[in-house]
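Note sheet for the following structure.
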Amino acid sequence: MTSAESSSADVAAAGTATVTAIANQKGGVGKSTTTINLGASLAMQGDRVLLVDLDPQGNTSSGLGIDRTTIDRSTYDLLIEDTAIEDVVEPTSVRDLFLVPATIELAGAEIELVSLFSREMRLANALKEAREDYDVILIDCPPSLGLLTVNGLAAADEVMIPIQCEYYALEGVSQLIRNVKLVQQNLNPQLEVEGVVLTMYDGRTTLSSDVVEQVREHFGETTYRTVVPRTVRLSEAPSYGEPIEAFDPMSRGAIAYRELAREYRRRHGRT
Ligand SMILES: Nc1ncnc2c1ncn2[C@@H]1O[C@H](COP(=O)(O)OP(=O)(O)O)[C@@H](O)[C@H]1O
Ligand SMILES: [Mg+2]
């Protein structure tokens, strides 16, 4: 085999899914809400989607109605026990939307990973085979820059950064970008920032529009045109275990995430 042939074979073996890590080490900026609702909207628009809950708090899992007390296999097993991906994936109430759930056990993984071989690449290795079974894999990262997040970044092709339209919106973002670059240089050369998504926009405040302006100035075209509004319905949906598309499809939140999914698909040439 020539080297050109072998490298194209390697690409084919890597599979077809785009893997997007949804990351920001700040808590409460809309990572889990975006993972659930972007994922559900993508599935409804024809993609086969896998969500990976990489946060010990498990908001993506509970927000999709997964009872975390009855789960026997989780992201923890994927990372620490070498459990095969197909033994960890759960279906959800949305067709073509699947989930690797997280339990509180995952909190321990941050420490247990330290002494394991290839500790930064555990998730990347675990997801290798899954790439062939999905169009999109979204990884919901925890609100930290520790080993779990590094695993998320090392396993991804790209990073989506949700930024809340609030005071200090950009605080910490440059540190996140530095980490992305470190992972790019040392673990995952193809990693890039795919997009920045503005969340919890409140049209009644000038603060919100100031943040939008500031973020667009800083990130330019990387910023998604779709801005997710702050709406009560979006914050209520998780307690019903449903994505907003199912909970209230006519709401502003549902419309926004549907539009975000369209924009994501356009950016990835999937329309
Ligand atoms: N657009 C929104 N409008 C209103 N509430 C929201 C919105 N996005 C997220 N929330 C709520 O804000 C809180 C934090 O959001 P979450 O997605 O869990 O953030 P993160 O995963 O970054 O910690 C949750 O209670 C969530 O329901
Ligand atoms: Mg979260």
When you look at K31, is it surrounded by fewer than 24 Cβ atoms within 10 Å (Cβ to Cβ) and within 16 Å of ligand 1 (Cβ to nearest atom), yes or no? no
Does R95 satisfy the criteria of being surrounded by fewer than 23 Cβ atoms within 10 Å (Cβ to Cβ), within 16 Å of ligand 2 (Cβ to nearest atom) and either more than 18 Å from the chain's Cα centre (by Cα) or within 18 Å of G241 (Cβ to Cβ) (or both)? no
The listed residue being more than 14 Å from the chain's Cα centre (by Cα), within 16 Å of ligand 2 (Cβ to nearest atom), crowded, with 23+ Cβ neighbours inside 10 Å and aliphatic (A, V, I, L, M), out of L79, L54, L64: L64
Quick one: would you say P249 is over 25 Å from V193 (Cβ atoms), in contact (Cβ under 8 Å) with a residue 60 or more places away in the chain and of a type outside the set (F, W, Y)? no
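Within region 46-68, which residues are of a type in the set (V, I, T), within 16 Å of ligand 1 (Cβ to nearest atom) and part of a strand (DSSP E or B)?
V52
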Out of all the residues in region 142-185, which are at pLDDT 95 or above, among the β-branched types (V, I, T) and surrounded by 18 or more Cβ atoms within 10 Å (Cβ to Cβ)? T149, V150, V159, I161, I163, V180, V183
Go through region 188-207 and report how many residues are modelled with pLDDT of 95 or more and either surrounded by 17 or more Cβ atoms within 10 Å (Cβ to Cβ) or under 23 Å from N37 (Cα atoms) (or both). 13
Answer yes or no as to whether D248 is closer than 25 Å to L64 by Cβ and over 16 Å from the mean Cα position of the chain (by Cα). yes
Looking at region 226-261, which of its residues are farther than 23 Å from L207 by Cα and within 16 Å of ligand 2 (Cβ to nearest atom)? A237, P238, S239, G241, P243, I244
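The values are calculated or read from the model by the stated rules, or taken from the named source; none is laboratory data. Not measured: the values here are computed from a predicted model. Positions of Cβ are generated from backbone atoms using ideal geometry, with glycine treated the same way; all protein chains shown enter the neighbour counts.
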